[in-house]
Amino acid sequence: MQKLKNKIALVSGAGAGIGHAICKALADDGATIIAVARNENNLQQLQQQLNSDSHQFWPIDLSSPDGKEKLFFQLSVFGFPHIVVCNINIPSEKKRLINIKEENFSKGFTANIDHIITILEKTLQFQRSENFGRWIGVSSFAAGIGLPGQVVYNAQKAAMEALILNIATEEGKHGITANIVSPGFIQTPATETRIPKEMFDKLASYNVLRRAGKPEDVAAAIRFFASQDAAFITGVNLPVCGGAQLAWNF
Ligand SMILES: NC(=O)c1ccc[n+]([C@@H]2O[C@H](COP(=O)([O-])OP(=O)(O)OC[C@H]3O[C@@H](n4cnc5c(N)ncnc54)[C@H](OP(=O)(O)O)[C@@H]3O)[C@@H](O)[C@H]2O)c1
């Protein structure tokens, strides 16, 4: 059944891996997708997989002022979204605290949500008028446990989680929910290309299911939060991490 028919879903960071899987899952449920990432080739690949003229593929750099303005403008023309999935991960310095310098924080804690702030007011107004809204932040299980060597990434995820929780508390009375999904170690082009094979296999085994997650595992949780079935769930943070919360590194 097309549970999200007539709903517009904005997915930021839709260029690959988890972003592609989210777009496919929400499109399967009937949503009209607005997929945003920088790399046009990756967006074209997604376009071929979604196979419908109704979806939008916007190559935009969301870390730049121009990019955020462009996003706002294009939404003003196309229509603001019922569903927002904040999935981008603007690359950050990976350093332990002892080596961290002020300039390592130059992109700021809000780098991953600046584009959300730009569209927040208008999107909430639209969602209030529809008495329906879904916000889903893609955080990280690792960020939630203070994984060493990535304080900037962890802090950026924390800022995103705070924003999502405030949307939940302030907008719930308008039929708007806001939730967080925290993936564990997931097999995506990002992890496959950046992490040496031996380390990849080790990280993949650090959970009770003893495997890396698939992008579809994360997308399934997001699909649920976006649906009417999750209408009474808001302000939660769901780990999608193969039970790593039970047995991290045992
Ligand atoms: N993979 C994992 O193990 C894992 C674990 C926990 C959490 N997560 C989270 O899950 C999400 C997806 O992760 P992933 O592994 O699939 O991919 P990723 O490489 O972490 O990137 C996410 C997406 O962000 C886009 N992006 C980066 N900078 C951007 C910018 N300035 N403007 C617009 N888009 C931008 C990238 O596309 P372009 O390069 O084309 O712009 C990419 O599609 C991320 O938020 C990540 O932190 C992943």
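The values are calculated or read from the model by the stated rules, or taken from the named source; none is laboratory data. As the structure is a prediction and not an experimental result, all values here were calculated from the model. Note that we place each Cβ from the backbone using ideal geometry, even for glycine, and neighbour counts take in every protein chain shown.
Here's a check for you: in region 36-51, which residue that is within 14 Å of the ligand (Cβ to nearest atom) and part of a loop (DSSP other than H, G, I, E, B) is nearest to Leu71 (Cα to Cα)? So the residue we want is Arg38.
Suppose we filter Ser54, Ser63 for residues that are over 21 Å from Asn89 (Cβ atoms) and outside any helix (DSSP H, G or I); which single one remains?
On the way: Ser63 fails: over 21 Å from Asn89 (Cβ atoms).
On inspection, the qualifying residue turns out to be Ser54.
In region 114-209, counting only helices (runs of 4 or more DSSP H) that sit wholly within it, the ones holding 3 or more residues that are within 10 Å of the ligand (Cβ to nearest atom) and under 14 Å from the mean Cα position of the chain (by Cα) span 151-171. Arg194 falls short on exactly one of the conditions (1) at pLDDT 95 or above; (2) exposed (fewer than 13 other Cβ atoms within 10 Å of the Cβ); (3) under 25 Å from Ile90 (Cα atoms), and that condition is (1).
Among residues of region 61-89 that are of a type in the set (S, T, N, Q), those with a beta-carbon under 9 Å from a residue that is more than 14 Å from the ligand (Cβ to nearest atom) and modelled with pLDDT of 95 or more at least six positions away or on a different chain give the pairs Gln74/Gln56; Ser76/Lys122.
Here Ser76, Ser54, Ser106, Ser63 are screened, and the one residue that is small (Gly, Ala, Ser), over 23 Å from Ala226 (Cα atoms) and either touching a His at 6+ places or on another chain (Cβ under 7 Å) or surrounded by fewer than 16 Cβ atoms within 10 Å (Cβ to Cβ) (or both) is Ser106.
Would you say Asp114 is acidic (Asp, Glu) and within 27 Å of Ala230 (Cα to Cα)? For Asp114, the condition - acidic (Asp, Glu) and within 27 Å of Ala230 (Cα to Cα) - is met.
Assess whether Gln2 counts as being more than 8 Å from the ligand (Cβ to nearest atom), among the polar types (S, T, N, Q) and assigned to a loop (DSSP other than H, G, I, E, B). Let's see the steps before the verdict.
On the way: more than 8 Å from the ligand (Cβ to nearest atom): yes; among the polar types (S, T, N, Q): yes; assigned to a loop (DSSP other than H, G, I, E, B): yes.
When the stated conditions are applied, Gln2 passes them.
The sole residue among Ile8, Ile22, Ile33 that is within 13 Å of the ligand (Cβ to nearest atom) and within 27 Å of Gln125 (Cα to Cα) is Ile22. Can you name every residue in region 11-29 that is touching a Lys or Arg at 6+ places or on another chain (Cβ under 8 Å), more than 19 Å from Leu75 (Cα to Cα) and not in a helix (DSSP H, G or I)? Passing the criteria: only Asp29.
The lone criterion from (1) within 16 Å of Ser140 (Cα to Cα); (2) exposed (fewer than 12 other Cβ atoms within 10 Å of the Cβ); (3) modelled with pLDDT of 95 or more left unmet by Asp229 is number (1). Somewhere in region 60-72, is a residue polar (S, T, N, Q), within 14 Å of the ligand (Cβ to nearest atom) and either over 25 Å from Ala155 (Cβ atoms) or more than 20 Å from the chain's Cα centre (by Cα) (or both)? No, every residue in region 60-72 fails to be polar (S, T, N, Q), within 14 Å of the ligand (Cβ to nearest atom) and either over 25 Å from Ala155 (Cβ atoms) or more than 20 Å from the chain's Cα centre (by Cα) (or both). In region 125-150, the residues that are of a type in the set (S, T, N, Q) form Cβ pairs under 7 Å with partners that are at pLDDT 95 or above and loosely packed, with under 15 Cβ neighbours inside 10 Å, at six or more places apart or across chains, as follows: Asn131/Gly175.
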